[in-house]
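Working notes, structure below.
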Ligand SMILES: Nc1ncnc2c1ncn2[C@@H]1O[C@H](COP(=O)(O)OP(=O)(O)OP(=O)(O)O)[C@@H](O)[C@H]1O
Ligand SMILES: [Mg+2]
């Protein structure tokens, strides 16, 4: 449905998007995820035609809409966009706002047909009773639904959403998140969603592209990204992760780190030499037994509990192991005190090996060698 | 979709290059070039030829070019006097306007003074009552022999009574200063209101004496705003025409602006070279002032922290002084209104003297006015010129701000704003010498007024359209574009409705100032193309003051009506 190929966009000398490529299959929900300023909005605006890229190729539904020799303006691309500000026109009623694209847009229709379609759409998003109110009299959540209704009435092949939930409070955000997903499924529309909120991305998406500084770090399903992050940035941006540098040993299975030897089930042959050992807080097993001589066992090390937070169903323990800080989730039945010495073990299936790319070496300076504090 | 070549595609669609302004870094679309070139050309044609013609005329002696006109001016015996008068007049009125404006702003914004509405009444009077009417009102009140106040004084106190003469340098300074005091008030009340109280309190808690805090912090922080208001008033006073003409000429206090007009009016054969040379000297001086100002304020952004958050200042309690403050504010308002009020009264009297007030009030002046030759024609002309000018200026300003938004045509605004430097009478002269040399006959038609007013007033319309357009979030347009809506529909269905208030405000303001403009009209009219301002001038030169008052009353009523309309639109008409 959408192909983006080696997209490049600069503002002056600043490269906002560098060599970004991805493909989105029809009917799926695709998310661009990354920290603030990484170029998510810029990519979305390039797809919409609101920015003209410096290079690359974009095709929507098999039709090339941008290439170095071709530029299709936004009004002739089969898209609709929901903006972060919602962009509800304040001088019109709810009905007029929703009807505007059908009156003057790409897919116009007969006035009678228009009334029927707009009314049924407002019905579906729960705004039917307020269709004659001024748009400015809507609450934030209602405005968001109006923006969505207006976009869906354009009958886009591609729906572009730029952080549509970021202006809402946490509760509303969670409920509208589900609604959004339901609408997308019901209309069968392909959606490109932009967010910097990883939990939103994980909950909504079929596929996620993780971006940093204008480059794609990894593309995959939420599960893939969580379980097999391609690099330290992804590991660290999606969920909590502890990353410890080490050297891959010649047996191809063990990694020597300052905390001892780690072994993994996952593939390591792709890497060589310096790597990072990565594990998630829920993979860490904690025991209050004092360390024995068995400490020489692989995947096992000792540490001191620095803080213990009660999070209901589990405890979150911040552990200091040598100079490293890491998090562990442990059953709430375990009686752990701050300052207590602990033995920690990460099972082989919980150990992920990622390349230690120099890009992120600055984050691995001794002062903050732990990458799990986001 | 069929493959098209790049050029046609670009011609069809100028591209949004960035979110706020569309920087044309590369691949400039043809449409953008079209807009750019068209608007530059239009404004260059509107603004530059008058300037070029006035310079050219000043250098032309018969067939040859020479600097003789300038040499004659510098060698003439009046030149030092003229120059000195102009400066004293401008500096004096600047002091009066800035002083009164500051006093009003301080009373309104930072004290618990009563009667703050008086300040706004003064502002309203300043906007709605044409300057010319106020000057004539002052003459009716305070002319040396005939002014009603002086008549009353000698009536009650006998022959040796003291008299007040408004036709003097002092009178001119006061009247011109009163003209600009409301503007100074408006421009200063913002900075004074936003002055962060914390900055002052920090100093007071640090143990500094209150007066020292005021001196070192408050005034230091306000200084840039005060300076800019003073520069603006100074330029306005140098450009001033009504006061020098109506008060300075009878009082024998010539300044450059009035002598350009009088020189051309009184001479048997008009000496355009000398008049133009005066005009060029004025323009050069004003550019110099603006350049100096820009140089002095080049670090102005350092003071931007001054405009603090929305903390409302705890007003200084004046105690008993609250009443005095209120009285001062209302006194200023009354002084603004007084001349027009007296003119209304005089329009119902048989003679200019108030002695007959008891006798009878009469409509005779209004009947005489109706029979006065050319009066109706001048009203019609003014209305037509006002309609055309206001409409065209608003459309031009809209096109300019639209082009700036979509195509990043930024240099255009300095070109559009150039006429702000022109004194009205110099603009008038420039248009005249240009029209006399053009092959098409502009002189003697109302179109010459429209062209001159358009050049002069479009910058004011821009002050409405540009901020209004900036306030419209670009996403409001972009969401329509992604929905497939074309630019024409976006302009007519989205932008125009959202801009409606600003456009109406601009239209009314331009209409108001163009139907009463005197300086720009002063050299452009003929017997067949009178406008109300020049008609009033003619009546003043050779007419009956009571009929003149009736005409003035009609004009004032018109101005107040339009002013009220503007006030209801949110008081935006007070931009200067
Ligand atoms: N119009 C512009 N002119 C110059 N630089 C820009 C412009 N728009 C974006 N940028 C720069 O491009 C980079 C990417 O911006 P973009 O808006 O795409 O980020 P984002 O990922 O959407 O961030 P956020 O989550 O904060 O919205 C940023 O460094 C930004 O400063
Ligand atoms: Mg963004």
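The values are calculated or read from the model by the stated rules, or taken from the named source; none is laboratory data. Since we're looking at a predicted model, the values are computed, not measured. Positions of Cβ are backbone-derived with ideal geometry, glycine not excepted, and every protein chain shown enters the neighbour counts.
When residues in region A:29-47 are screened for being near ligand 1 (Cβ under 8 Å from one of its atoms) and either under 14 Å from residue A:57 (Cβ atoms) or out of contact with any strand residue (DSSP E or B) (no Cβ under 9 Å at 6 or more places or on another chain) (or both), 2 of them pass.
Hey, can you tell me all the residues within region A:13-23 that are near ligand 1 (Cβ under 7 Å from one of its atoms) and touching a helix residue (DSSP H, G or I) at 6+ places or on another chain (Cβ under 8 Å)?
Selection gives A:16 alone.
Hey, does region A:240-253 have a residue that's under 24 Å from the mean Cα position of the chain (by Cα), in a strand (DSSP E or B) and within 16 Å of ligand 1 (Cβ to nearest atom)? There is no residue in region A:240-253 that is under 24 Å from the mean Cα position of the chain (by Cα), in a strand (DSSP E or B) and within 16 Å of ligand 1 (Cβ to nearest atom). When residue A:132 is tested against (1) within 12 Å of chain B (Cβ to nearest Cβ); (2) surrounded by fewer than 24 Cβ atoms within 10 Å (Cβ to Cβ), only condition (1) is not met.
Just to verify a result, which residue in region A:145-167, among those that are within 16 Å of ligand 2 (Cβ to nearest atom) and out of contact with any strand residue (DSSP E or B) (no Cβ under 6 Å at 6 or more places or on another chain), is farthest from the other protein chains (Cβ to nearest Cβ)? Checking each candidate, the answer is A:165. As a summary of the residue check, residue B:80 satisfies the conditions (1) under 30 Å from the mean Cα position of the chain (by Cα); (2) surrounded by 12 or more Cβ atoms within 10 Å (Cβ to Cβ) except for the one numbered (2). Within the bounds of region B:43-61, is there any residue that is outside any helix (DSSP H, G or I) and modelled with pLDDT under 85? Yes, some residue in region B:43-61 is outside any helix (DSSP H, G or I) and modelled with pLDDT under 85. When B:521, B:480 are checked against the criterion of being within 14 Å of residue B:386 (Cβ to Cβ) and buried (at least 24 other Cβ atoms within 10 Å of the Cβ), B:521 stands alone in meeting it. Candidates B:36, B:71, B:19, B:10: the one that is modelled with pLDDT under 80 and more than 14 Å from every other protein chain (Cβ to nearest Cβ) is B:36.
When the residues of region A:1-28 are narrowed to those that are out of contact with any strand residue (DSSP E or B) (no Cβ under 9 Å at 6 or more places or on another chain) and within 16 Å of ligand 2 (Cβ to nearest atom), which ends up nearest to residue A:70 (Cα to Cα)? Checked region A:1-28; the qualifying residue nearest to residue A:70 (Cα to Cα) is A:11.
The listed residues are B:187, B:114, B:142, B:174, and the only one of them that is under 30 Å from residue B:541 (Cβ atoms) and touching a residue at least 60 places away in the same chain (Cβ under 8 Å) turns out to be B:174.
Just so you know, in region A:46-75 the residues that are within 16 Å of ligand 2 (Cβ to nearest atom) and free of Cβ contacts under 8 Å to residues at least 60 places away in the same chain include one that is farthest from the other protein chains (Cβ to nearest Cβ), and it is A:46.
For region A:76-112, a residue qualifies if it is in a loop (DSSP other than H, G, I, E, B), more than 8 Å from every other protein chain (Cβ to nearest Cβ) and over 33 Å from the mean Cα position of the chain (by Cα), and the qualifying residues are A:92, A:108, A:109, A:110. Filtering region A:196-215 to residues that are surrounded by fewer than 23 Cβ atoms within 10 Å (Cβ to Cβ) and within 16 Å of ligand 2 (Cβ to nearest atom) leaves A:196, A:197, A:198, A:200, A:212, A:213.
Run down B:488, B:484, B:386 and say which single residue is within 13 Å of chain A (Cβ to nearest Cβ) and touching a helix residue (DSSP H, G or I) at 6+ places or on another chain (Cβ under 6 Å). B:484 is the lone residue from the list that is within 13 Å of chain A (Cβ to nearest Cβ) and touching a helix residue (DSSP H, G or I) at 6+ places or on another chain (Cβ under 6 Å). Applying the criterion of at least 3 residues that are modelled with pLDDT under 85 to the helices (runs of 4 or more DSSP H) found wholly in region B:108-182 leaves B:117-128, B:148-157.
Look at residue A:102 and say whether it is crowded, with 18+ Cβ neighbours inside 10 Å and either closer than 14 Å to residue B:483 by Cα or away from ligand 1 (no atom under 16 Å from the Cβ) (or both).
Considered against the rule, which asks whether it is crowded, with 18+ Cβ neighbours inside 10 Å and either closer than 14 Å to residue B:483 by Cα or away from ligand 1 (no atom under 16 Å from the Cβ) (or both), residue A:102 comes out as yes.
Please go through region A:48-73 and pick out each residue that is within 16 Å of ligand 1 (Cβ to nearest atom) and touching a helix residue (DSSP H, G or I) at 6+ places or on another chain (Cβ under 7 Å). Correct list: A:48, A:49, A:50, A:51, A:53, A:58.
If the condition is being touching a helix residue (DSSP H, G or I) at 6+ places or on another chain (Cβ under 6 Å), part of a helix (DSSP H, G or I) and under 20 Å from residue A:262 (Cα atoms), then region A:221-239 contributes only A:232.
Taking (1) within 16 Å of ligand 1 (Cβ to nearest atom); (2) part of a loop (DSSP other than H, G, I, E, B) in turn, residue A:26 satisfies each apart from (1).
As a summary of the residue check, residue A:189 satisfies the conditions (1) within 16 Å of ligand 1 (Cβ to nearest atom); (2) modelled with pLDDT of 90 or more except for the one numbered (1).
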